[in-house]
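Where a number appears in this text, it was derived from the coordinates with a stated rule and is not lab data. All values reported here derive from a predicted model rather than from experimental measurement. Positions of Cβ are generated from backbone atoms using ideal geometry, with glycine treated the same way; all protein chains shown enter the neighbour counts.
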Amino acid sequence: MMKVNVKQWLRRHTRDILVVAALLAVAAVCAAVMALTAVPGAHVCVRVDGAEVARYPLSQDRRVTLEYGGTNELVIEGGRARIESADCPDKVCVRTAPISEVGQTVVCLPHKLVVVIE
Amino acid sequence: MKTTRRIALLGLAAALALVLSYVESLVPLSVGVPGVRIGFANIAVLFALYRLSAADAAVVSGVRILGVALLFGNWMATAYSVAGAALSLLGMVMLKRFAKLSLPVVSAVGGVLHNAGQIVVAVCVTRTVQIAWYLPVLVLTGTVAGIVIGLVGALLVSRVKL
């Protein structure tokens, strides 16, 4: 068994540890600030190519078929919005978790479509 | 290194990167955040960067993206990849040359930059700044995935005989 000298390893990798710690700290601070300033949204805003094309209240359950450059099935349910199905090639929008807070988005890049909470 | 030998090695690394991209697409990674990736293909790029040269790493990365675009024909995803890969490679080349960091840490920064590049493209394409909301998660996953891939890459770099 090779014995690892922890002290020596730490000394040799000081820069490495600092860089990784900095990255993690940036992520943690941003996440914390966002979690603390999170505001429940009121509207589900559908944007295509940067322009708003539709807006629905988040409080009413509904199901809309969005036809912009393709089909995305938007579902608003229990104060949360998500894309249930779509005919885009990557399905990133379908796999994105449901959103409910101001600023959260579901993106379908192939259709240039964004669902954002406001 | 002899030209023939270099071309053969580059072809090998590029082919490996392509296969790894495909394997990656088979892994169902459903964390609910768009853009989260393990980055298997980066193993081949790291190998080229550390054992061949920065230019060779760019060739491997470029051929991979072109190959994926031709094979799977998703041009929107290609725009994402180009921005992510270019930014990531640029950062890794700089760090390797100017900072005394271990390979896994260089890879971690590469992973984060890859995600950042993709977010920038997404924000530009959709003209919606709010997409940056996903950045903290992507920085975290980019760091972790980058380190893991970097550890594998470091093993290859130190053990493969050319």
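Of note:
- Residue A:30 meets all of the listed conditions (1) of a type outside the set (Val, Ile, Thr); (2) out of contact with any helix residue (DSSP H, G or I) (no Cβ under 9 Å at 6 or more places or on another chain); (3) more than 26 Å from residue A:91 (Cβ to Cβ) but one, namely (2).
- On the stretch given as the stretch A:84-97, residues that are facing another protein chain (nearest Cβ under 9 Å) and more than 17 Å from residue A:34 (Cβ to Cβ) total 6.
- For residue B:68: the one exception among (1) touching a Ser or Thr at 6+ places or on another chain (Cβ under 8 Å); (2) part of a loop (DSSP other than H, G, I, E, B); (3) touching a residue at least 40 places away in the same chain (Cβ under 8 Å): (2)
Yes/no matrix, rows are residues, columns are (1) within 12 Å of the chain's Cα centre (by Cα); (2) farther than 30 Å from residue A:44 by Cβ; (3) of a type in the set (S, T, N, Q):
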{"position": "B:75", "(1), (2), (3)": "no, no, no"}
{"position": "B:89", "(1), (2), (3)": "yes, yes, no"}
{"position": "B:104", "(1), (2), (3)": "no, yes, no"}
{"position": "B:122", "(1), (2), (3)": "no, no, no"}
{"position": "B:139", "(1), (2), (3)": "no, no, no"}
{"position": "B:142", "(1), (2), (3)": "yes, no, no"}
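- Considering residues of the stretch A:36-89 that are charged (D, E, K, R) and not in a strand (DSSP E or B) only, the residue nearest to residue A:107 (Cα to Cα): A:49
- Selection of the stretch B:76-124 for residues being surrounded by fewer than 18 Cβ atoms within 10 Å (Cβ to Cβ) and of a type outside the set (A, V, I, L, M) yields B:78, B:97, B:98, B:100, B:124.
- Counting only residues that are at the interface with another protein chain (Cβ under 10 Å from one of its Cβ atoms) and in a helix (DSSP H, G or I), the stretch A:1-13 holds 1 of them.
- Of residues in the stretch B:130-151 being away from chain A (no Cβ under 11 Å) and touching a Pro at 6+ places or on another chain (Cβ under 9 Å), the one surrounded by the fewest Cβ atoms within 10 Å (Cβ to Cβ): B:151
- Flag if residue B:95 is under 23 Å from residue B:122 (Cβ atoms) and either part of a helix (DSSP H, G or I) or under 15 Å from the mean Cα position of the chain (by Cα) (or both): no
One line per residue, one yes/no per condition, for (1) loosely packed, with under 13 Cβ neighbours inside 10 Å; (2) closer than 30 Å to residue A:66 by Cβ:
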residue: A:10; (1), (2): yes, no
residue: A:15; (1), (2): no, no
residue: A:21; (1), (2): yes, no
residue: A:25; (1), (2): yes, no
residue: A:32; (1), (2): yes, no
residue: A:38; (1), (2): no, yes
residue: A:44; (1), (2): no, yes
residue: A:47; (1), (2): no, yes
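- Checking every residue in the stretch B:121-129 against the condition of being assigned to a helix (DSSP H, G or I), more than 13 Å from chain A (Cβ to nearest Cβ) and touching a helix residue (DSSP H, G or I) at 6+ places or on another chain (Cβ under 9 Å) gives zero matches.
- Selected residue (criterion: surrounded by the fewest Cβ atoms within 10 Å (Cβ to Cβ)) from residues of the stretch A:104-115 that are at the interface with another protein chain (Cβ under 8 Å from one of its Cβ atoms) and in contact with an Asp or Glu (Cβ under 9 Å, 6 or more places away or on another chain): A:112
- Between A:104, A:8, the distinction of being farther than 14 Å from residue A:115 by Cβ and of a type in the set (S, T, N, Q) belongs to A:8 only.
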